[in-house]
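Report on the structure given below.
The values are calculated or read from the model by the stated rules, or taken from the named source; none is laboratory data. Everything numeric in this text was worked out from a predicted model, so none of it was measured. When we count neighbours, we look across all protein chains shown, and the Cβ atoms used for this are built from the backbone with ideal geometry, even at glycine.
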Amino acid sequence: MIFQGSALSVELLPSGVAKLQFDLNESSVNKFNRHTLEELRNAVDLLAKSDAKGLVFSSAKSGFIVGADITEFTGIFAGSEESIVAWLVEANEVFNAIEDLPFPTVCAINGVALGGGFELAIAADYRVASAEAVVGFPEVKLGIIPGFGGTVRLPRLIGADNANVWISSGTHVKADQAFKEGALDAIVEPDSLESAAEDLVLQCVAGKLDFYGPRKAKSSPLSLGPIELNVAFETAKGMVMAQAGRNYPAPVAAVTVMQDAASMNRSGALQMEHKAFARLAVGEVAANLVQMFLNDQLLAGIAKKAVKLAKKQVKSAAVLGAGIMGGGIAYQSASKGVPILMKDVRKEGIDLGMSEARKLLNKKVSRGSLSTDGMIETLSNITPTLDYSGVDSVDFVIEAVVENPDVKKSVLQELGEMVRADTIIATNTSTISVDDLSGVLARPENFCGMHFFNPVPVMPLVEVIRGEASSEQTIATTVAYAKKLGKTPIVVNNCPGFLVNRVLFPYFGAFAQLIHDGADFRQIDKAMERFGWPMGPAYLMDVVGIDTGVHAQGVMAAGFERMRQSFPSVVEKLFEAGDLGQKTGQGFYRYEADKKGKPRKLPNPDIDMHIAEVQPEARPFTDEQIVNRMMVAMCLETVRCLEDRIVETAVEADMGLALGIGFPPFRGGALRYIDSIGVGEFVDLADSFQDSGALYQPTAQLRELAKSGGAFYQ
């Protein structure tokens, strides 16, 4: 044994080739934390002095290396740009030493090799992978760029055009594509991966392969002329800017770094990479995106604990109420291997639900991500029915009928008499009190809320609503089922609107009040989209449905006095006119189907007439005033949800908004946004809007937090 550590080991094989195997103790994956990098440094130093003929990198785990240890980023990024550069220089000394070893090196990639894991792989001379391998550089999704030589070696390995796409998009690349584009040198069966890598080393030793050739190419300037370089990078920057937008600087920075370093050797190019990485790392976008990643990990951990608590698995399910929502739920369950009954009182509903499932499956088939046999198998997992046949044998029932408490109570009461004593019933409601609905059930402990977001296959969040009578087993089993469906569950306590809609409607309320006060809804939409929202509030209301918005607003106003509107709302005027948004072809905007059948947003010539009925006079607002009015109302309601224990942590509150309504990830969530302003400054900002009503009143606890200089994220 040449080296033995807690993250990796090095042994000499009978052939004289050394094998460096990663196997990080007490971790399900290999990652580059400071400890692993230090052990790698020591191992490479020993290898450079050894009699090894060559070196194979491998992994004892199911994947190769997932990348850097992101839990260390918050501490590292809190330092200065100079300290971050020093960290990168130290790490890259190890990667350079690997590239400069006096013998050939081959990386055997099983499973995932991302970020720093793939940077190690391209520092080696050659790469062999299994067909299931996935590689790439996802750093831009954390607001940074590769920092262990990725922007230096990749364009010299696979060409500028391919490297621009790989690094600026942050996508995971499958083995076959990576092989075609030159990032992998061979794809073999998993069982022969290490032996193939060893054989490749021995071919180099025998002189059949010139391993110095790839090294020279990776350490030299790009072999493109000035005109070719300009075309490659300037074209890429334009495309990347259009896709990423101005709120995400890392993708364009990555292309710029590769362009600026194209004429440099390895040393100069790495210096360019280090400086750009450090500049991004100390920025707010990177801090927020790293925190969002950590938040996601925390949610996964919470859900994992709940899954362990669940005493039974959901092996069969039913959904009551077909249509688009029921069809989406049925599709999701069936596609994840859980057979499901889909019941409706009307054949038209069943037909619509099955049509929705088929449409979703046909899309997967057309994209090549599902075979025809797979589609047939999934459809066979959905059993449409007009009665309750078979519901007495399922483990879990989702009630997804119309959003009307009387109708839901009637269905639930009927259902409760037909299911097994241990069957869990969950209501898919966005606003109606779970406690109110549970009163009609003989076993309310087996009942909770399970709020899916539309469209079900696309939206990742499921709110699991805990009622007063809901048992821990009911909640745990519902969380486990949501995870099985591929969703991110967040457990919330019962209140009008739960978490997401409770926070959303003060935002809509601020929007309606801004219009009443004289603002132009078009400017509001543009300002909020520039802030980072995927769509402005007017457009969002059209997508949600004006009728849905009016109904939910009524529920919220009945539950919270501060959400009652003391002014005439343009949303009410649109509702009275029957202009319900996309579903009727007209709301704040007008909609026509494009060539693909998708609604295209156009100006609505009638909207100004409706606005004139509720707006005494138009007056100018700055974009900053609009953003502040909209965001303060939303953020304060998020604070109240945390204080009222609707959610347990700031992380769950912020992730609920990001996953449920598209809160801009680069801003980190509503509570993280308050922290970025400063709690004291935020309270002062809210106080400046006191004339706008109770939605803008900071809570006593928030004022105390401001006085103490505290924050939601410590």
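Numbers at a glance
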item	result
Verdict on Val89 being aliphatic (A, V, I, L, M), under 19 Å from Ala281 (Cβ atoms), modelled with pLDDT of 95 or more and assigned to a helix (DSSP H, G or I)	yes
Positions within segment 427-473 being part of a helix (DSSP H, G or I) and closer than 22 Å to Cys641 by Cβ, in sequence order	Val434, Asp435, Asp436, Leu437, Ser438, Glu472
Total residues in segment 30-61, condition of a type outside the set (A, V, I, L, M, F, W, C) and closer than 21 Å to Phe293 by Cβ	7
Segment 115-135, residues that are under 21 Å from the mean Cα position of the chain (by Cα) and surrounded by fewer than 24 Cβ atoms within 10 Å (Cβ to Cβ)	Val134
Qualifying residue in segment 68-85 (condition: over 30 Å from Glu284 (Cβ atoms), modelled with pLDDT of 95 or more and surrounded by 17 or more Cβ atoms within 10 Å (Cβ to Cβ))	no
Only one of Leu352, Leu294 that is in contact (Cβ under 8 Å) with a residue 12 or more places away in the chain and not assigned by TED's automatic domain parsing to the domain that holds Pro457	Leu294
Cβ pairs under 7 Å, 6+ apart, first in segment 389-409 and closer than 19 Å to Gly439 by Cβ, second acidic (Asp, Glu) and at pLDDT 95 or above	Pro405/Asp436; Lys408/Glu399
Unique match (being in contact with a Leu (Cβ under 7 Å, 6 or more places away or on another chain), touching a residue at least 24 places away in the same chain (Cβ under 8 Å) and outside any loop (DSSP other than H, G, I, E, B)) among Leu40, Leu120	Leu40
Scope segment 573-582; condition assigned to a helix (DSSP H, G or I) and without any contact (Cβ under 8 Å) to a residue 24 or more places away in the chain; matching residues	Glu576
Among (1) aliphatic (A, V, I, L, M); (2) surrounded by fewer than 22 Cβ atoms within 10 Å (Cβ to Cβ); (3) outside any helix (DSSP H, G or I), the one test that Leu46 misses	(3)
Any hit, segment 415-424, residues being modelled with pLDDT of 95 or more, under 23 Å from Arg443 (Cβ atoms) and either among the acidic types (Asp, Glu) or part of a strand (DSSP E or B) (or both)	yes
Identity of the residue in segment 321-336, at pLDDT below 95 and in a loop (DSSP other than H, G, I, E, B), that ends up surrounded by the fewest Cβ atoms within 10 Å (Cβ to Cβ)	Gly321
Residues (surrounded by fewer than 22 Cβ atoms within 10 Å (Cβ to Cβ), assigned to a loop (DSSP other than H, G, I, E, B) and not acidic (Asp, Glu)) located in segment 642-667	Arg645, Thr649, Gly662, Pro664
Yes/no for Ala18 being more than 25 Å from Glu132 (Cβ to Cβ) and either in contact with a Phe, Trp or Tyr (Cβ under 6 Å, 6 or more places away or on another chain) or not assigned by TED's automatic domain parsing to the domain that holds Asp199 (or both)	no
Residue check for Pro460: buried (at least 22 other Cβ atoms within 10 Å of the Cβ) and touching a residue at least 40 places away in the same chain (Cβ under 8 Å)	no
Hits in segment 43-53 - residues which are under 19 Å from Glu119 (Cα atoms) and either in contact with a Phe, Trp or Tyr (Cβ under 6 Å, 6 or more places away or on another chain) or touching a residue at least 60 places away in the same chain (Cβ under 8 Å) (or both)	Ala43
Single match in Leu671, Leu580, Leu602 (criterion: farther than 20 Å from Phe508 by Cα and in contact with an Asp or Glu (Cβ under 9 Å, 6 or more places away or on another chain))	Leu602
Segment 170-184 residues that are assigned by TED's automatic domain parsing to the domain that holds Ala244, paired with ones that are in a helix (DSSP H, G or I) and surrounded by 16 or more Cβ atoms within 10 Å (Cβ to Cβ) (beta carbon under 6 Å, 6 or more apart)	Gly170/Val140; Gly170/Lys141; Glu181/Ile158; Glu181/Asn162; Gly182/Ile158; Ala183/Ile158; Leu184/Ala178
Residues (free of Cβ contacts under 8 Å to residues at least 40 places away in the same chain, surrounded by 16 or more Cβ atoms within 10 Å (Cβ to Cβ), of a type outside the set (D, E, K, R) and out of contact with any strand residue (DSSP E or B) (no Cβ under 6 Å at 6 or more places or on another chain)) located in segment 583-641	Thr584, Gln586
Residue check for Gly63: in contact (Cβ under 8 Å) with a residue 24 or more places away in the chain, under 21 Å from Ile145 (Cα atoms) and buried (at least 20 other Cβ atoms within 10 Å of the Cβ)	no
Set Gly545, Gly554, Gly536: member being on the phi > 0 side of the Ramachandran plot and in the same structural domain as Glu617 (by TED's automatic domain parsing)	Gly545
Residue within segment 463-471 that is under 23 Å from the mean Cα position of the chain (by Cα), crowded, with 24+ Cβ neighbours inside 10 Å and not charged (D, E, K, R) present	yes
The lone exception for Ala286 - which of (1) small (Gly, Ala, Ser); (2) within 24 Å of Val29 (Cβ to Cβ); (3) surrounded by fewer than 22 Cβ atoms within 10 Å (Cβ to Cβ) it fails	(3)
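Condition check ((1) farther than 30 Å from Met528 by Cβ; (2) touching a residue at least 60 places away in the same chain (Cβ under 8 Å); (3) in a helix (DSSP H, G or I)) across all residues:
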| position | (1), (2), (3) |
| --- | --- |
| Ala163 | yes, yes, yes |
| Ser223 | yes, no, no |
| Leu229 | yes, yes, yes |
| Ala253 | no, yes, yes |
| Thr256 | no, no, yes |
| Gln271 | yes, no, yes |
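Every residue, every condition in (1) of a type in the set (Lys, Arg); (2) at pLDDT 90 or above, yes or no:
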residue: Lys275; (1), (2): yes, yes
residue: Ala310; (1), (2): no, yes
residue: Asp351; (1), (2): no, yes
residue: Arg367; (1), (2): yes, no
